[in-house]
Amino acid sequence: MYGLKEGEPLYPWLWPAPEGGMIGKRRVPRVDGYEKASGSAVYTRDIYRPGMLYAKFLRSPHAHAKIKRLDTSKAEALQGVRAVLRYDDPGIQWPKLSGQALVSDTNHWYEGMVGAVVVGESEAIVDRALRLIELEMEELPVILDVEEALKPDAPIMRPDVDPKSNHRPRFGPYFKYGDIEKGFAEADKVIEWKAITEHDVWAGVEAHVGVAECRGDYLDVWHHGQNWLTMMTGLRPYSPLNKIHLYLPYNGAFFGGSSLIASHHTAEVAVIAARRTGCPVKVLDDESHFVGGDEDARSRYYFKVGFKLDGRITAVQLRCYEAWVTETTTNKIYKGTSIPNIYITCDSAAYTKPFDQCFKHGCSTVRVTTQVWEHVAGELGMDPSKIAQINDGVEGHDMAYVNEHVKKPQGFDTARDSCKEVNELGKKIMEWDKKWHLPGTKILPNGKYHGMGYVSTVEWAHTVGTGGMGIRVNADGSVDLLATQCDGGWAGQTAYSQIAADEMGVSFEDIRLRPFEGRDGFVTEPGGGSQGLSGSSLTTVRASRKMKQLILEKVTQPTPLRRTLGNLMPSRPAFFPNKKPEELDMKDSVIFEKAHPENKKTLAQIAGALTYYLFVWDYTMAHTGRGGVEHEYGMVRQAHFVEIEVDPDTGGIEILKQVSVNDGGKVINPDAFNGQQYGGAYMGLSRSTKETLYFDPKTGLALNDNLIGYPVNVMNDVASIDCAIVETGLGYAPYGSCGVGEDGGACNHTIMPTAVYNAIGKYVDSEPVTPDKILKALGKA
């Protein structure tokens, strides 16, 4: 079968990576590097179409309010305004967000879109017209806390959704494994505590934007987003899909969530405005920097954990509000531990909070594991990394079971222990065994507390995904990888080119991925991020092997007499007569006879002699790409370490050193892998120590929703960051690889409470860990 070499195992994770090529090589030039570094890359906000108009949303001045009167006449009369699209226009089918029309008569959170969209000839005209709109609103109740919203006497916040209750089910709404009561009965000790998170956002990324142009019955759309499939689905009400051309320009980073749920609405509104005005329209959603939140924002965690005195955990019970922790697919404490009894419930509510998105997704489920390691270690006076190692396992089973019942049957190396390897390497770099101490026991000569923080969990994504790849050999011997891929800053173009170059035997300089053309390519990286490469590398390998086999077959066959475009094309003898494909090979874009390498032809010579392109494609469904294996287990790990000083007088935290170690299984592009590690460390520590929106408790309005007031780490806040790679081959993607994109940011988001506890000997289980919280824990505030 194509994609499987003779004598090669069925499972793709056991396929060996081609040796001596581009896979695993450092200093490989990024395909998109020059464009981005030189400033010539075209981002969605750079798109300009002749005669293009601009559009923006009217924003509510209140956090929760309903329109009493909306007068748009002065805005409509302003010279240069082409249209004012009102919420009550019966001719407009507005897209939905959080259960209601995107532009409606009621907003349910700060900076909410309400009432109208103004379309004009320039941004300045649109801004002026928005100020001319007369808006009177009835203010509605404000609730900023999920638990307050769930109280019986709380005012109903969304009567349009449920007139009787604010309760909203959340992902399940529970997860259960084992017998939780039995687990507590077996425990030597049971502890309980509460952890909370505040509201952080993805401040600083390119704000949402969408451009649309109508050409008769056809529709061109330029999308700012990470998931082009979601965008195509959103466009279905406006045009037949075979008449839509979706362009995917470069984007100013996503970090996951700012693109998956809401960003496609700007393009949908651009379509509405373009249909109404007959002109191309660019919709600018400048406030989207700060509207929304991650899946962990404003969450509440109530833990009850039972454990043995040797550190073995027997039961974890969690009652949670808001956080995404009950999904089986993302539940890290289940997927990556041997804990035999787990029971998690999660509730949510309608209250004065915007939609959630999975920005730097995973921090909520990582937090569950981090908190458990920290508190159990604290109660026992143990190193938390030892607690992690003692309880390492998969889905309630220890590693002895995994070795016998998972690794052996699926061909994995039973000698590799990912948790042990990432811990040992990280501790060596950090000098952990020398620096770690019992909580609150080390005061430095400068009078500050010294602290060491730790977090470890499953590496993700470790699974095979659904994807497609087309490959075309051009007449000059160059090779195009044809795939639809959104750009989010990762090095997907480069990594896929590395894989295809090695598997085909083509020079890396001759091969390029042609992304950014929705409908013109195949379904590679529908969402990208941490699952992009692991999800789509299999189809890239299979398509590359198909193309190589096709080339080797073509060069051993004569070309018959045929007619092309009215011209009679002469027959051509085989390039390698009397040879079989298996007697040939290709390397560095040269086809040669294995027994006589001097007998060779370049791919350019062969492609130039043909009067047609060579083309193959491959499409792989996740469930069919696993070689018959029904279930993929999380056997790859990551570990992160941080060293800090805490000032007992100010509560200030100084970060001295951070170490991230990720098991990539088999790393395709080490430089890009390290880049994700560095970015994740920086952003995670920033979120763990500083980032939050502050709200007026009476009005519900955000007080620092701007790049001046929103606190983020800058260069002086970050010290040494050391990133290291482990390669155990324990992922399920080809070569045993797995992803890395979002997990470093998610893990480091949860690390600071562990470091602060180790420093001052007091728990500060509220993130971000700010100076006022530390002073309060020390009894000084």
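The values are calculated or read from the model by the stated rules, or taken from the named source; none is laboratory data. As the structure is a prediction and not an experimental result, all values here were calculated from the model. Heads up, the Cβs are rebuilt from the backbone with ideal geometry, glycines too, and the neighbour counts pull from every protein chain shown. To get the accessible areas, we keep the full protein, side chains included, count just its heavy atoms, and leave off ligands, DNA and RNA. Shrake-Rupley method; radii C 1.70, N 1.55, O 1.52, S 1.80 Å.
With +1 on each Lys and Arg Cβ and -1 on each Asp and Glu Cβ, how big is the dipole of the chain about its Cα centre, in debye rounded to the nearest 20?
Taking the Cα centre of the chain as origin, the dipole is about 1380 debye.
Please give the length that would be gained between Ala101 and His167 if that part of the chain were fully extended, namely 0.36 nm times their separation in residues minus their C-alpha to C-alpha distance (nm, one decimal). Working shown, then result.
Working: separation 66, 0.36 × 66 = 23.76 nm, distance 2.08 nm.
Contour length minus the Cα-Cα distance gives 21.7 nm.
With point charges of +1 on the Cβ of Lys and Arg and -1 on the Cβ of Asp and Glu, referenced to the Cα centre of region 573-688, which listed residue (Ala604, Thr620, Ser660) lies farthest in the positive direction of the dipole?
Looking along the dipole axis, the top candidate is Ala604.
Got a sec to turn the phi values of region 224-233 into Karplus ³J(HN,Hα) couplings, 6.51 cos²θ - 1.76 cosθ + 1.60 with θ = phi - 60°, whole Hz, x for Gly and Pro?
9, x, 9, 10, 6, 5, 4, 5, 4, 4
Relative to the Cα centre, what is the charge dipole magnitude of region 101-242, using +1 at the beta carbon of each Lys and Arg, -1 at the beta carbon of each Asp and Glu, and rounding to the nearest 20 debye? Let's see the in-between values first.
Details: 13 positive and 26 negative charges, 111 e Å.
Dipole magnitude for region 101-242 comes out near 540 debye.
Give me the percent relative contact order of the chain, please, defined on Cα pairs under 8 angstrom at least 6 residues apart.
Relative CO of the chain lands at 17 percent.
Report ³J(HN,Hα) in whole Hz for each residue of region 415-422, in order, from the Karplus equation J = 6.51 cos²θ - 1.76 cosθ + 1.60 where θ = phi - 60°; Gly and Pro get x.
After applying 6.51 cos²θ - 1.76 cosθ + 1.60, I find 7, 8, 10, 4, 4, 4, 5, 5 Hz.
In the chain, what percent of the accessible surface is made up of carbon and sulfur (1.4 Å probe, ligands and nucleic acids excluded)?
With neighbouring chains kept in place, the figure for the chain is 51 percent.
Ranked from the most accessible area to the least, with a 1.4 Å probe and all protein chains present, what is the order of Trp193, Trp617, Trp432?
Of Trp193, Trp617, Trp432, the descending order of accessible area is Trp617, Trp193, Trp432.
How much accessible surface area, in Å² rounded to 10, belongs to the heavy atoms of Phe695 with a 1.4 Å probe?
Around 40 Å² of this residue is reachable by solvent.
Using a Förster radius of 22 Å, what is the FRET efficiency between Arg215 and Glu123 based on their Cβ-Cβ separation? Nearest 0.05, please. Kindly include the intermediate steps, with their values, before the conclusion.
Values: r = 24 Å, r/R0 = 1.11.
So, using R0 = 22 Å, E works out to roughly 0.35.
What FRET efficiency would be calculated for the residue pair Tyr401, Asp588, taking the C-beta separation as r and a Förster radius of 45 Å, to the nearest 0.05?
On the way: r = 46 Å, r/R0 = 1.02.
So, using R0 = 45 Å, E works out to roughly 0.45.
Of the listed peptides 703-712, 542-551, 219-228, what is their order by residue-averaged count of other C-beta atoms within 10 Å, with the highest listed first?
Going by the mean number of other Cβ atoms within 10 Å, highest first, we get 219-228, 542-551, 703-712.
How would you order 235-241, 687-693 from highest to lowest mean count of nearby Cβ atoms within 10 Å?
Peptide ranking by packing, descending: 687-693, 235-241.
About the Cα centre of region 50-146, what is the dipole size in debye to 20, counting +1 per Lys and Arg Cβ and -1 per Asp and Glu Cβ, all else neutral?
Details: 11 positive and 14 negative charges, 36 e Å.
With Lys and Arg at +1 and Asp and Glu at -1, about 180 debye.
Would you please give the residues with an amide H less than 5 Å from that of Ser766, counting only those at least 5 places away or on a separate chain, with H modeled from the backbone geometry?
Counting only residues 5 or more places away or on other chains, the set is Ile196.
Given points 7 Å out from each Cα along the Cα-Cβ axis, report the Leu707 to Glu139 separation in nanometres with one decimal.
With each label placed 7 Å out from Cα toward Cβ, I get 3.1 nm.
Please name whichever of Gly453, Gly33, Ser544 sits farthest to the positive end of the charge dipole of the chain, dipole taken about the Cα centre and charges placed at Cβ: Lys and Arg +1, Asp and Glu -1.
Ser544
Could you pull the Cα extents of region 120-244 along its three principal axes, largest to smallest, in whole Å?
Here the Cα extents, ordered largest to smallest, are 71, 42, 34 Å.
Once you compute Rg and the Kirkwood Rh from C-alpha atoms, what is the Rg to Rh ratio for region 370-462?
Radius of gyration over Kirkwood radius for region 370-462 works out to 1.06.
Given a Förster distance of 30 Å, report the FRET efficiency between Arg27 and His245 from their Cβ-Cβ distance, rounded to the nearest 0.05.
The calculated FRET efficiency here is 0.25.
One quarter of the convex hull surface, Cα atoms only: what value does that give for region 2-105 in nm²? Walk me through the numbers on the way to the answer.
Working: hull surface 63.5 nm².
Mean projected area for region 2-105: 15.9 nm², to one decimal.
For Glu459, what residues show an amide H to amide H distance below 5 Å, using hydrogens built from the backbone and excluding near sequence neighbours?
For Glu459, the qualifying residues are Val636, Arg637, Gln638.
Can you compute the modelled spin-label distance between Lys151 and Tyr678, with each label point 7 Å from Cα toward Cβ, in nm?
4.9
Any chance you could run the full-extension gain for Arg275 through Tyr613? It's 0.36 nm times the residue separation minus the Cα-Cα distance, nm to one decimal.
Values: separation 338, 0.36 × 338 = 121.68 nm, distance 3.86 nm.
Value of the extension gain: 117.8 nm.
Taking the Cα-to-Cβ direction at Tyr43 and at Ala724 and moving 7 Å from each Cα, how far apart do the two end points lie in nm?
3.6
Which value in deg cm²/dmol, rounded to the nearest 500, describes the helix-derived mean residue ellipticity at 222 nm for the chain, given -39,500 (n - 2.57) per DSSP H run of n ≥ 4 and division by the residue count?
Taking each H run of at least 4 residues, the total per residue is -7000 deg cm²/dmol.
Please name which of Tyr633, Pro12, Val211 has its Cα lying farthest along the dipole of the chain towards the positive end, using unit charges on Cβ (Lys, Arg +1; Asp, Glu -1) and the Cα centre as origin.
Pro12
Which of Lys25/Lys601; Lys353/Lys762; Lys386/Lys762; Lys151/Lys335; Lys408/Lys666; Lys386/Lys666 have a Cα-Cα distance over 24 Å?
Working: Lys25/Lys601 27 Å; Lys353/Lys762 31 Å; Lys386/Lys762 20 Å; Lys151/Lys335 33 Å; Lys408/Lys666 19 Å; Lys386/Lys666 26 Å.
From Lys25/Lys601; Lys353/Lys762; Lys386/Lys762; Lys151/Lys335; Lys408/Lys666; Lys386/Lys666, over 24 Å: Lys25/Lys601; Lys353/Lys762; Lys151/Lys335; Lys386/Lys666.
Got a sec to turn the phi values of region 738-745 into Karplus ³J(HN,Hα) couplings, 6.51 cos²θ - 1.76 cosθ + 1.60 with θ = phi - 60°, whole Hz, x for Gly and Pro?
8, x, 8, x, 9, 6, x, x
What order, most packed first, do the peptides 283-296, 384-397 have when packing is the mean number of other Cβ atoms within 10 Å of each residue?
283-296, 384-397
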